[in-house]
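Everything below concerns the one structure shown next.
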Amino acid sequence: MSTGTGIRIEQLRVGYGAQPVIDGLSLEIERGAFFTLLGPSGCGKTTLLRCIAGFVTASGGHIRFGERDVTALPPHQRDIGMVFQDYALFPDKTVFDNVAYGLRARRQDAATITRKVGEALERVGLGALASRQPAALSGGQRQRVALARALVIQPQVLLMDEPLSNLDAKLRLQVRETIAELQAEAGITTVFVTHDQDEALALSHRIGVMHQGRLAQVGTPAQIYREPASGYVADFVGAANLLPVDLPMAVAGGAIARVAVAGRSALARAATALPAGPAMLMARPEDIGLAPDREATADTLPGRIQRRQYLGDKTSYRVQLENGLALQVDRHGANHDAHQAGDAVALRLDPATTRVLPA
């Protein structure tokens, strides 16, 4: 059951000097949702998170937790839990005292603190390490302590700024699973900042892809991956082949259109209403059919394999088209490694999954 509160951001503006970082951003996050702000460095996602937390002052607009306007409130009055990239643990305090810090600040009694800290540490699998100092912990353990410290106060909103980026690949997966389990169990409204698309797709109920201080697209992981609103979103979230194409006539959003691509024609679905003229075609590597050139038809694109990489469960091919452009094609299943470098092949684009985007 959700214990958090919804977040509503209205026409938020944040700037440093005369330079706007966020300009007129609006966003609604449902109560109990796991919402990820995804984007490259410098896109404004951390600034937005710190503004929600109260560490950065907005120059305009409103931030509401439920019906409460928190825009002008300092962080300690917003009822948030915060998990930082660098853990931000007190080095001179034990694990127990680090987790207990927020409860003591709220003047809870010693028995309650002991019980709640014990429960929080058990939930993150560190019940036996309460007396340790942070210096004696691994990176993954430190981040679990930081997570326990944020959750033990039962905040209305949990904010997480790149919490997994300092961990190695194996630890990252372990802590990611811990975060997913604890958030689902607690039902706390969570805003998670990352530049890692895999983290965003694996953890989120909804994702906001940020670009230059604005939200390029907001949707479920499946919507962001399968129905990107632009070439920027398609290229940032997952591997994507982006090819310049020409639309011979205007097309309605959602309609199947015939496009001119690499001197041939193919069918694809329009992501939005588009005028005749230049456009962009997006095809995911796993959605492109690959066959020997003897199986070519009027709707396939001829090409030649430049390179192949055998990756166990799949083989990834780089295929050059007649106009010199190259596509990545990933094949799974039986005989996925049947083609060799130098082979002439026919590529088939599936109109159910291939998208035509604005140029």
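Any read-out appearing in this document is the output of simple, stated calculations on the displayed coordinates, not a laboratory observation. On a predicted model such as this, the values are computed, not experimentally measured, just so you know. All Cβ positions, even for glycine, are placed from backbone atoms using ideal geometry, and neighbour counts span all protein chains on display.
Between the range 277-304 and the range 324-353, the C-alpha centres lie 8 angstrom from each other. For the range 268-347, the alpha-carbon radius of gyration amounts to 1.19 times the rule-of-thumb value 2.2 N^0.38 Å expected for a compact globular protein.
In the chain, the calculated helix contribution to ellipticity at 222 nm averages -7000 deg cm²/dmol per residue, counting -39,500 (n - 2.57) for every DSSP H run with n ≥ 4.
The distance separating the Cα centre of the range 103-137 from that of the range 186-209 comes to 26 Å.
For the pair the range 218-232 and the range 1-70, the centres of their Cα atoms are 21 angstrom apart.
Helix 110-123 axis versus longest C-alpha principal axis of the chain: approximately 20°, rounded to the nearest ten. Working from Cα pairs under 8 Å separated by at least six residues, relative contact order for the range 7-226 is 30 percent. Note: relative contact order over the range 239-358, using C-alpha pairs below 8 Å and six or more positions apart, is 32 percent.
Given a Förster distance of 35 angstrom, what is the FRET efficiency for Ala250 paired with Ser26, based on the Cβ-Cβ distance and rounded to 0.05? That gives a FRET efficiency of 0.70. Each Cα pair of the chain feeds into the Kirkwood radius, which the Stokes-Einstein equation turns, at 10 °C and 1.306 mPa s, into a diffusion coefficient of 69 µm²/s. Helix 95-105 against the longest principal axis of the chain: what's the angle in degrees, Cα atoms only, rounded to the nearest 10? Roughly 70 degrees between the two axes.
Which angle from 0 to 90°, rounded to the nearest 10, does the C-alpha axis of helix 139-152 make with the longest principal axis of the chain? That helix lies at roughly 60 degrees to the long axis.
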